[in-house]
Amino acid sequence: LEAARSSSWAETIRNRVPRPELSKSILDLQRASWLSLLNLDPEAVGLDIGSGYGAITHALACSLGRVISVEAVPERIEFTQERLRQERINNVELLQASATALPIAEDSCDLAVVNGVLEWVGEWDLEGDARTAQLRFLSRVYRLLKSNGVLLVGIENRFGYGSFLGARDHSGLRYTNLVPRRCATWLLRRNTSPHYRTTLNLRREYRTLTYSARGLRKLLSEAGFQSVVFYWADPGYNEPYSLVPLDSPQLVKERLLETLNHPGALKGNKWRKNVKRTLAKLGIFPWFIPDFVVLARKGYQQESIDDELYRRELESRGQNDKGPAREQKLALCVYTHPFHSKVTVTARDHVSGRHLLVAKVHLPAPRPASNTEREFVNLSLVSEHLNTRPDLLISVPRPIRSFRRGKTLYNLEAAAHGTQFSRLVREPRYFDDLGRVERDFGRVVEASLQVTAALESLAALSSIDPTCYELPSDETSPPELCRRVEELRYFRGSSDNSRVSFVQHGDFSVENVFLDRETGRIEIIDWTDAGRGFPPLYDIFLLFCSSAYLQNSHNRRRVLTHDEFWMASFEDLFLSERKMALVVRRLLLAACDRLKIPPEQLRALLVEFLIIRMNFCRLHSNPTLQRICRQQLDLLLEPRGERLLRPPAS
């Protein structure tokens, strides 16, 4: 606390909290990503119960008119007070009080947040059994809300699959949440192994109750909440970077398979992934998801809590082709990343999963966010320009409109057509068929070249930030290594105007490309980083890096760390003699030929790509990817980096 007062609160957390997941939970405002679903009035009053170190309070204060933050621990209240003072936030009322004795007037709040709190209420209120204490608490919160108020609950699923694999329950023991409550109390009283949670429970009574979706819905209903929507919060309710409605099994299955096929899933055990795939095929995985985010509205309402804004937009645009919009149930899914100011909300048909509308919701950020307006402007410019080129097989989503609601910016666009390229390349054993791989990547590389050629005459696109050309300082790198980088790079010094640069997309990853196999068209999304000044092949390098290719990844016995995986992928793609590396080299040389770039400049161009990519990671607050790009740059400077210049075999 004293360190936060004498310097920066955020730097204090980064320097003094050793566990990355704990520091992220304090720093990251995307813990409140669900705000993008609520469509609250800018003058709404929010209540954060059990606010901890103030991350959710901070996020609410940036979006709402007034926030009441309740926390029982005085040191946490003082820390949050200092945090808000440094951020110049003055619309928060801090209260030191127990969650079971809230000193707040009834019918005064538009939103109440109970994140990671409900399960502990039974230990704070010892009158009667634990469920009665939780019901008493929820009934009190119900009375605090206005007539159209919303309750948000973040909590674990009692039957989450992690519990079956031995994860500790809130009691400090394993499996106590799975057995009947009386059995759990018996296990607590029989336990002799020390754990800080069991030592705090002097009565040795099991009172940290969690619920299945059915059980929690019943509890909320008894408290008065009738309109309830459950979301699967992935990876958890404290990191709600993906929210998928639980009553849409097709979307849950789709998200699960996407997660299992993602490169990060390589950390898991193969048999566990196979169990999850089996649960998905049987249609019962929603019963076993780990964490819920629950939205409950006071009183009964036929409409979903959160879809009114999107439904009105679909009605006005005539997007519904299956009868009146009021008869078509929408499913809203949320996707974002840690520390981002943008949340992507996709409105989809509840039954078929068909994409109907995409909203890029820019939540107010504590620092100036220059990219919020830029994305929609770039999309509109590119869309209008490409409409004059019907001969091209590339397109972009149709921009609909951009508007502000209070401090929140909404950019609405039509859903992209086709299959997301990332889903193709991350299918199991996709890279086993190198002929198909070369055809698919060849089409996407051709699309990248068409983008560059088509947009070169679009003068309205701005140039990238000049600081992106600077080599980021790194105290661990010796001076001779930095000199070597400067000698090899494509742009040698700010005064060198002899090198050609291009207009490029800037974030041409496999996630941002959609392939329509019926029409042969390729649709490209997310134009935030588009601009002038990129080195040749920048988009193509990014495309290959984002593919997450790894030779024989399904046969590897040793589990790679996150950094090891991306380093191995980079080496297998660019610096090896493997068959996939030869495919990459052939496509790169063909692109060089099209752009009239000497092939011997490939290594310099890849160096320049990594430097600019590091700076983009810095601007987007992504230190992990910035560190990996630096390691890849060091690898490229080694003698094996010259392999990129070798001509591939036919």
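For this structure, a couple of remarks:
- Strands (runs of 3 or more DSSP E) lying entirely in region 342-416 (those with 1 or more residues that are surrounded by fewer than 18 Cβ atoms within 10 Å (Cβ to Cβ), modelled with pLDDT of 95 or more and in contact with a His (Cβ under 7 Å, 6 or more places away or on another chain)): none
- Here Leu434 clears all of (1) under 27 Å from the mean Cα position of the chain (by Cα); (2) over 16 Å from Glu511 (Cα atoms) except the condition numbered (1).
- Verdict on Asn148 being at negative phi, more than 27 Å from the chain's Cα centre (by Cα) and not hydrophobic (A, V, I, L, M, F, W, C): yes
- Qualifying residue in region 78-96 (condition: in contact (Cβ under 8 Å) with a residue 24 or more places away in the chain, surrounded by 16 or more Cβ atoms within 10 Å (Cβ to Cβ) and either in contact with a Pro (Cβ under 6 Å, 6 or more places away or on another chain) or not assigned by TED's automatic domain parsing to the domain that holds Ser8 (or both)): yes
- Residue in region 390-413 that is within 23 Å of the chain's Cα centre (by Cα), of a type in the set (Gly, Ala, Ser) and on the phi > 0 side of the Ramachandran plot present: no
- Count of residues meeting criterion [farther than 19 Å from Thr208 by Cα and either touching a residue at least 40 places away in the same chain (Cβ under 8 Å) or not in a loop (DSSP other than H, G, I, E, B) (or both)] in region 106-139: 6
- Residue within region 568-590 that is without any contact (Cβ under 8 Å) to a residue 12 or more places away in the chain, of a type in the set (Asp, Glu), exposed (fewer than 14 other Cβ atoms within 10 Å of the Cβ) and in the same structural domain as Val451 (by TED's automatic domain parsing) present: no
- Any chance Leu610 is among the aliphatic types (A, V, I, L, M), under 20 Å from Tyr469 (Cβ atoms) and either without any contact (Cβ under 8 Å) to a residue 40 or more places away in the chain or outside any helix (DSSP H, G or I) (or both): yes
Every residue, every condition in (1) aromatic (Phe, Trp, Tyr); (2) closer than 16 Å to Tyr161 by Cβ; (3) within 26 Å of the chain's Cα centre (by Cα); (4) modelled with pLDDT of 95 or more, yes or no:
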| residue | (1), (2), (3), (4) |
| --- | --- |
| Arg214 | no, no, no, yes |
| Leu219 | no, no, no, yes |
| Ala223 | no, no, no, yes |
| Gln226 | no, no, no, no |
| Phe230 | yes, no, yes, yes |
| Asn238 | no, no, yes, yes |
| Tyr241 | yes, no, yes, yes |
| Ser248 | no, no, yes, no |
| Leu257 | no, yes, yes, no |
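- Among the residues of region 393-415, those identified as in contact with a helix residue (DSSP H, G or I) (Cβ under 9 Å, 6 or more places away or on another chain) and hydrophobic (A, V, I, L, M, F, W, C) are Leu393, Ile394, Val396, Ile400, Leu409, Leu412, Ala414.
- Within region 422-472, considering residues that are part of a loop (DSSP other than H, G, I, E, B) and small (Gly, Ala, Ser), the one surrounded by the most Cβ atoms within 10 Å (Cβ to Cβ): Ser462
- Checked across region 512-535, the condition of being buried (at least 20 other Cβ atoms within 10 Å of the Cβ), of a type in the set (A, V, I, L, M), within 22 Å of His262 (Cα to Cα) and in contact with a His (Cβ under 8 Å, 6 or more places away or on another chain) holds for at least one residue.
- Per-region count, region 93-110, residues over 17 Å from Trp124 (Cα atoms) and of a type outside the set (Gly, Ala, Ser): 8
- Segments classed as strands (runs of 3 or more DSSP E), wholly inside region 478-586, with at least 1 members that are farther than 27 Å from Leu434 by Cβ and modelled with pLDDT of 90 or more: 502-504, 531-534
- Yes/no for Thr12 being among the polar types (S, T, N, Q) and more than 28 Å from Ala296 (Cα to Cα): yes
The values are calculated or read from the model by the stated rules, or taken from the named source; none is laboratory data. Please read these numbers as outputs of a predicted model, since none were measured by experiment. For neighbour counting, all protein chains shown are included, and Cβ atoms are generated from backbone atoms with ideal geometry for every residue, glycine included.
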